[in-house]
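Single-structure report; data block below.
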Amino acid sequence: MTPSTRPTALARAAGIGALAGLAGVAAMTAGEKVEQAVTHRPDSYVPARALLTLLGRHPSDAERPLVWNHAMHWATGATLGAVRGVWAVVGLRGPEATVAATVVRLAFDQTVENATGVGAPPQTWPVRERVVDYTHKAVYALVTGLVAERLIRPELQSRRGRVSH
């Protein structure tokens, strides 16, 4: 791989990763629907309210903007999937990458939701809510990683810097 082809490989991996992220969102959404059928937990519209707030609107807690909810879920999934695709091509793969991607997904959602003032920090939630949310984000990260790693070879994995000094 030459330095001039590296940006192309990174862009390609990001694109494939975005598609992998969409697969991850599909799996996460399906899992949420199954979980909700069992637990009777209602849909959350916090993602939609966060997106609308970022766009300059200020929705009330009573609003249930379904289309905006989907827009936020799918856009976030594709965006973070692109990151996961770049990780795959540079050799950040496997279970450790999946755990890291789960944390990144949780951190991204919480940053946006709390920065906009429409969400509360997870440590203030009931334990059951945290377990449910963390599990769904782990499903997203697992499926996104499996798809990305299946479709993207680690062709940009470096052999430099194998020690910390």
Contact list please: Cβ distance under 6 Å, first residue in region 1-18 and among the small types (G, A, S), second residue surrounded by 14 or more Cβ atoms within 10 Å (Cβ to Cβ) and not in a helix (DSSP H, G or I), pairs at least six apart or on different chains. A9/L156; A13/I152
For region 38-58, which residues satisfy the criterion of being touching a Phe, Trp or Tyr at 6+ places or on another chain (Cβ under 8 Å) and over 13 Å from D109 (Cα atoms)? L52
Starting from residues that are part of a helix (DSSP H, G or I) and touching a residue at least 24 places away in the same chain (Cβ under 8 Å), keep the ones in region 116-134 and report whichever is farthest from V34 (Cα to Cα). Y134
Reported set for region 19-45 where residues are under 19 Å from G85 (Cα atoms) and in contact with a Leu (Cβ under 9 Å, 6 or more places away or on another chain) is L19, A20, G21, A23, G24, A27
Under 6 Å between Cβ atoms, at least 6 apart or on separate chains: pull out the pairs that start in region 86-114 with a residue that is in contact (Cβ under 8 Å) with a residue 12 or more places away in the chain and within 21 Å of L52 (Cβ to Cβ) and end on any residue that is among the β-branched types (V, I, T) and part of a helix (DSSP H, G or I). E113/V46
In region 19-43, what count of residues is obtained for those that are in contact (Cβ under 8 Å) with a residue 60 or more places away in the chain, β-branched (V, I, T) and surrounded by 15 or more Cβ atoms within 10 Å (Cβ to Cβ)? 1
Out of all the residues in region 44-67, which are surrounded by 12 or more Cβ atoms within 10 Å (Cβ to Cβ), under 19 Å from P122 (Cα atoms) and of a type in the set (D, E, K, R)? R49
Failed criterion for P7 (all others in (1) of a type outside the set (F, W, Y); (2) loosely packed, with under 11 Cβ neighbours inside 10 Å; (3) at pLDDT below 95 hold): (3)
Here's a check for you: in region 135-164, which residue that is part of a loop (DSSP other than H, G, I, E, B) and either in contact (Cβ under 8 Å) with a residue 12 or more places away in the chain or within 16 Å of L10 (Cα to Cα) (or both) is nearest to the chain's Cα centre (by Cα)? I152
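The values are calculated or read from the model by the stated rules, or taken from the named source; none is laboratory data. Just so you know, these numbers come straight off a predicted model, no measurement behind them. Here Cβ is always computed from backbone atoms with ideal geometry, including for glycine, and neighbour counts include all displayed protein chains.
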